[in-house]
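Enquirer: Below: one structure in structure tokens.
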Amino acid sequence: MNERIKRLREKSYNAKPHISSERASLVTAFYKENQGKFSTPVLRALNFKNLCEKQTIYIGEDELIVGERGPFPKYVPTFPELTCHSLEDLEVLDQRPMTSYKVSEQDMAIYEEEIIPFWTGRSIRDRIVPNMTTEWHLLYEAGVFTEFMEQRAPGHTTLDGKIYTMGMKDFKKQILQAKEKLDFLADEKAYDKLQELDAMMISCEAMEIFANRHACLAEEMAKVEENTERVKELQEIARVCRKVPGNKPETLHEAIQMYWFVHLGTVIELNGWDAMNPGHLDQHLYPFYKKDVEGGSLDREQAKELLESLWIKFNNQTAPPKVGVTALESGTYNDFTNINIGGLRRDGSDGVNELSYLLLEVIDEIHLLQPGCNVQVSHKTPDAFLKEACRLIRKGYGYPSVFNTDETVMEMVRVGKRIEDAREGGCSGCIETGAFGKEAYILTGYLNVPKILELTLNNGIDPLSGKKISIQTGEASEFKSFESLVKAFKKQLEYIVDIKIKGNNYIERIYAKQMPAPFLSVLIDDCIENGRDYYDGGPRYNTNYIQCCGIGTITDSLSALKKHVFDEKQFELTRLVDILNHNFEGEEITRQFLMNKTPFYGNDDDEADDIMRAIFELLFQTIDGKKNTKGTTYHMNMLSTTCHVYFGKKLGATPNGRLAHTPESDGTSPSHGADTNGPTAVIKSLSKMDQVKTGGTLLNQRFLPSVLDGEEAIEKLMQLIKTYFKIGGHHIQFNVVDSETLKDAQRHPEEYKDLLVRVAGYSDYFIDLDQYHQEEIIARTVQEEI
Amino acid sequence: MKGTIFNIKRYSIHDGPGIRTTVFLKGCPLNCVWCHNPEGIEPGASFFYDARKCLNCMSCVRSCPQGCISISEGAIKIEFDRCTHCDACVKACPSNALTKNGVCYASDELMEMVKKDIPFFDESGGGVTFSGGEPMLQFDFIHEMLLKCKEQGIRTAVDTSGYASVEKFDKIRRLVDVFLYDIKFADEADHIQYTGVSNKLILKNLEFLLLQDATIWIRIPLIPGINDTQKNINETIRILKEIGFSGRVHLLAYHDLSTVKRQKMVEQANRKTKGAIFKNNRQLEPDMIKENFQSQGFEVKVGG
């Protein structure tokens, strides 16, 4: 890392997140003036253009790659048109101990006087929540499922390589061609399409304006700059900003700046979930790198400097925090950019190139919170590359995570994507599978699967509140066999999934009608061709996902019931349910017995793993194929991010001996402490899940550094990963830390500011996690060699 | 045929090449004072009792059909002469404070366990390692297991003290891909003092296996103050060269985790393992010993 990058990194690391009301103010004033004058897509595009023309822009000292989402690094804009922070939210954000967002008194006053009065009742959230049914509210409030779209817009967007061969001017030509093809005689949608295409056109212009303003600023700065070296740099920045994104890039510097402007465009336009991701950055940038290096205009170190400048830009963008109760609960918050390295090319050849290795080096040197990254491993990936990634894993940054490209491709082909598009896809967000640049990949919310068992055991009543929140499927005393219990569970599951999807399909139309994203639509095939928005079925692929949580907890719970209640008849079901509803009070012996004498998931024991398979299959049959509003269907993911902690809080004691309100199992990992046969057994258990039927699974493994000492251990780590992938694994990630270090970090957080751990699908600073998550990380099974 | 196994450890990465499953067979003719697996010394089944886990629920006492268990003041007493090894107590213990060392496995049953990690063996060049105890003590069982492994194409290793008849080694040598062969002392008197047996047979077998072209990794546990002396290292090198060994040498660090195990072992009247802790008396640093071997042309690794 050179001195410039050191300074930039330090600055980015130390910058404190602030809420900036600038965007909210501009949007509010714009809506007051213009609402009702234009069609919705055009209104949204003009709003975007207004922001690109007026929002404060920033070029910092030392910077080579320029542009921020807010007025300064880590100044976070808000999106009141989606969800409007209350004064109380802002106070909590300002004062909470974990990663606070500073809110100035002036911003607070602007919110009170301008923003809140206008958006109350108008924001998307205010139009969603009151319109959901009573049944939905009962389940939602009890923590049976969550809803993504009440906080942020649908997102999860990852780009393919088109922006490296086309500039905004080229996109505008495409849009014009699509407009020329519109047939007002035969196509009843022609008007809607025209509005959308006009909106796209305005968005492209907006993006060019935004870049040009940066060029002007750089020129102004160059005029007063005394350092002649910096003058040259500023002049080069100005030149680059005049060229991209209007035109296609031709140098590595231009290509990186191109991406960065486009990235900013999408996150200024809207606040999508897992906002934006460049996709296969090594493949996209390699031609520029090769050309520059061979042409002698750039050496490897200069290329690295540019890439590291981009890395720091990602870290400058803290995500806008949530509103409502969750403002207090969620700690650090980022945009989950997850850069894919390696994998396959569209034609099926190996995607690893020289830049893939250089990116690993960049990651090693920068290792900040964002961007996250992953390596894609196919059957064609060279061992040398995976081994290099394993060496990076050993350092304990929590990334890169590792994905099985072959499995990912099969997952996509299974749901009807073209093979080339599937190969070009990979991971977006945490572990989710997507076809980059061609898909609207909508995560709709998490499903608390163990909670559904609790409702089954209590005949639709939530034992935590005593309220009836679901259908009646029989009292515990009526279940005479394990099969009859599973049958009742199935009915509960079907009811709950239907309620969730009915809600989603309503919300989906609100976004399609009220909150289109014309700039994002320019970037995703085939929105231009179809004249339809990203949120309205414009992309080539439109998929919806429900993320199922707690497969470990429910498997272990059912395994305990099967063995001890139905097979060996050691307990009456009604008595056990009573014990659970009293959180094992005075029943520690029973709890220990259940925890220690039950076959648990994660041990390569078919007795437990067969139950996992049966539940997985039930989830699949219930969710997969359900219709969304775009003529396509729902699928499922096996992912919890950090939601297993929230869901655990909303869940009473469970038959596997888990106490009430403690976290559920995460992702597709076994319950904490349930796996006692080492990592190969965990992997074998996981491999029994037919992962190809999902859009992603998540396996956390924690290793002590001692286990990964030496080249031989690195080799064995690689073999472990390759074996998991050979037998059908989708994803695996490693936390390389020991529990003593973590406990010490809890005691002396100031000494561990740098300690990154893998939380779920992403890495976070350990000291920024709340105690729940800290304890949870410590509790995860340690694969220790004794 | 049945064997008595006290542990099966998957993802074993320090007991031979690749990712392995190590099967620990019970019973050992040696009685090394530092033994890391003291629960493996007795040939028959025995028990662990972990007072910290015990809930004092008396489930074990109540469940015993022989009435031969009692617990008082954090200590368990089992009258072994009346114990029929019905395992009722172990099954009844809710917290796994009472567990058993030594489970009988039929060879087919054990093969099913071993086969579980074949995908990992294939990818890593690993396989199964028979360890102990001394695996050669249950010779007929291990012989049958080795044959079955070969039938299934599973690579094998035998981790041995070398203390068994030469005929037995002759009978299995073709079925074993690598012997992990312990050399503890060069001097016979030291060997007898600290392990209870002479090293003559051990060295004879080593020589025999070398003559038969068996693949051998020598393993030397470094016990501070006991065998990490310059004298013992020099002598060991001399003997190995004399026998004609020139391959891999693994230096295994001492750890005192066995103390916890010894505390947990339920007292048996005729128990012969005593054990001791070796901590502050290190003579030569492992890296120094490594250099000693390397300078004599051996390929050395610190660790398994």
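The values are calculated or read from the model by the stated rules, or taken from the named source; none is laboratory data. The model shown is predicted, which means the values in this text are computed figures rather than measured ones. Please note: Cβ atoms are built from the backbone with ideal geometry, for glycine as well, and neighbour counts cover all protein chains shown. Side chains are part of the model used for accessible areas, which takes the heavy atoms of the whole protein and leaves out ligands, DNA and RNA. Shrake-Rupley method; radii C 1.70, N 1.55, O 1.52, S 1.80 Å.
Enquirer: Looking at (1) out of contact with any strand residue (DSSP E or B) (no Cβ under 6 Å at 6 or more places or on another chain); (2) in the same structural domain as A:Leu453 (by TED's automatic domain parsing); (3) modelled with pLDDT under 95, find the lone condition where A:Ala142 falls short.
Expert: Unmet condition: (3).
Enquirer: Something else now. Please determine, by comparing only the residues of segment B:87-97 that are of a type in the set (Gly, Ala, Ser) and not in a loop (DSSP other than H, G, I, E, B), which one is farthest from the other protein chains (Cβ to nearest Cβ).
Expert: B:Ala88
Enquirer: Would you be able to say whether some residue in segment B:12-26 is outside the structural domain of B:Val197 (by TED's automatic domain parsing), over 30 Å from B:Gly196 (Cβ atoms), modelled with pLDDT under 90 and in a loop (DSSP other than H, G, I, E, B)?
Expert: Scanning segment B:12-26 turns up no residue that is outside the structural domain of B:Val197 (by TED's automatic domain parsing), over 30 Å from B:Gly196 (Cβ atoms), modelled with pLDDT under 90 and in a loop (DSSP other than H, G, I, E, B).
Enquirer: Turning to a different aspect of this structure: Condition test on A:Ser465, is it of a type in the set (Ser, Thr, Tyr), farther than 25 Å from A:Gly552 by Cα and open to solvent by 10 Å² or more (accessible area, probe 1.4 Å)?
Expert: No; evaluated as a whole, the condition is false for this residue.
Enquirer: Now a separate question. Do you know which residues across segment A:601-624 are of a type in the set (D, E, K, R) and within 18 Å of B:Asp117 (Cβ to Cβ)?
Expert: A:Asp604, A:Asp605, A:Asp606, A:Asp609
Enquirer: Condition first: open to solvent by 30 Å² or more (accessible area, probe 1.4 Å), within 11 Å of chain B (Cβ to nearest Cβ) and not in a helix (DSSP H, G or I). Now tell me which residues in segment A:676-731 satisfy that.
Expert: The answer is A:Thr676, A:Asn677, A:Asp709, A:Ile727.
Enquirer: Can you say whether B:Ala51 is on the phi < 0 side of the Ramachandran plot, part of a loop (DSSP other than H, G, I, E, B) and of a type in the set (A, V, I, L, M), as far as the supplied structure shows?
Expert: Spelling it out, B:Ala51 is indeed on the phi < 0 side of the Ramachandran plot, part of a loop (DSSP other than H, G, I, E, B) and of a type in the set (A, V, I, L, M).
Enquirer: With the checklist (1) in contact with a Cys (Cβ under 6 Å, 6 or more places away or on another chain); (2) within 19 Å of A:Glu664 (Cα to Cα) in hand, flag the one item A:Thr553 doesn't pass.
Expert: Here A:Thr553 clears every test but (1).
Enquirer: Mind listing just one residue for me: the one in segment B:281-304 that is among the hydrophobic types (A, V, I, L, M, F, W, C) and away from every other protein chain (no Cβ under 14 Å) and, of those, farthest from B:Ile226 (Cα to Cα)?
Expert: Ranking the candidates gives B:Phe298 first.
Enquirer: If A:Lys650 meets every condition in (1) more than 29 Å from A:Arg509 (Cβ to Cβ); (2) open to solvent by 20 Å² or more (accessible area, probe 1.4 Å); (3) more than 14 Å from every other protein chain (Cβ to nearest Cβ) apart from one, which number is that one?
Expert: Looking at each condition in turn, A:Lys650 falls short on (1).
Enquirer: Let me ask something else. Let me confirm something: among A:Glu113, A:Glu22, A:Glu105, which residue is surrounded by 17 or more Cβ atoms within 10 Å (Cβ to Cβ), among the acidic types (Asp, Glu) and over 30 Å from A:Tyr191 (Cβ atoms)?
Expert: A:Glu22
Enquirer: So which of A:Thr662, A:Thr641 is without any contact (Cβ under 8 Å) to a residue 24 or more places away in the chain and either within 14 Å of chain B (Cβ to nearest Cβ) or not charged (D, E, K, R) (or both)?
Expert: A:Thr662
Enquirer: What number of residues in segment A:545-579 are more than 34 Å from the chain's Cα centre (by Cα) and away from chain B (no Cβ under 12 Å)?
Expert: 16
Per-residue answers, yes or no, for (1) in a helix (DSSP H, G or I); (2) hydrophobic (A, V, I, L, M, F, W, C); (3) in contact with a Leu (Cβ under 8 Å, 6 or more places away or on another chain); (4) in contact (Cβ under 8 Å) with a residue 60 or more places away in the chain:
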{"position": "B:Met145", "(1), (2), (3), (4)": "yes, yes, yes, yes"}
{"position": "B:Lys150", "(1), (2), (3), (4)": "yes, no, yes, no"}
{"position": "B:Gly162", "(1), (2), (3), (4)": "no, no, yes, no"}
{"position": "B:Glu167", "(1), (2), (3), (4)": "yes, no, no, no"}
{"position": "B:Asp170", "(1), (2), (3), (4)": "yes, no, no, no"}
{"position": "B:Tyr181", "(1), (2), (3), (4)": "no, no, yes, no"}
{"position": "B:Val197", "(1), (2), (3), (4)": "no, yes, yes, yes"}
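Enquirer: If you take the residues of segment B:53-86 that are within 13 Å of chain A (Cβ to nearest Cβ) and open to solvent by 50 Å² or more (accessible area, probe 1.4 Å), which of them is nearest to the chain's Cα centre (by Cα)?
Expert: B:Lys53
Enquirer: Having 2 or more residues that are of a type outside the set (Val, Ile, Thr) and open to solvent by 40 Å² or more (accessible area, probe 1.4 Å) is the bar; report the helices (runs of 4 or more DSSP H) wholly within segment A:155-271 that clear it.
Expert: A:168-180, A:190-224, A:228-243
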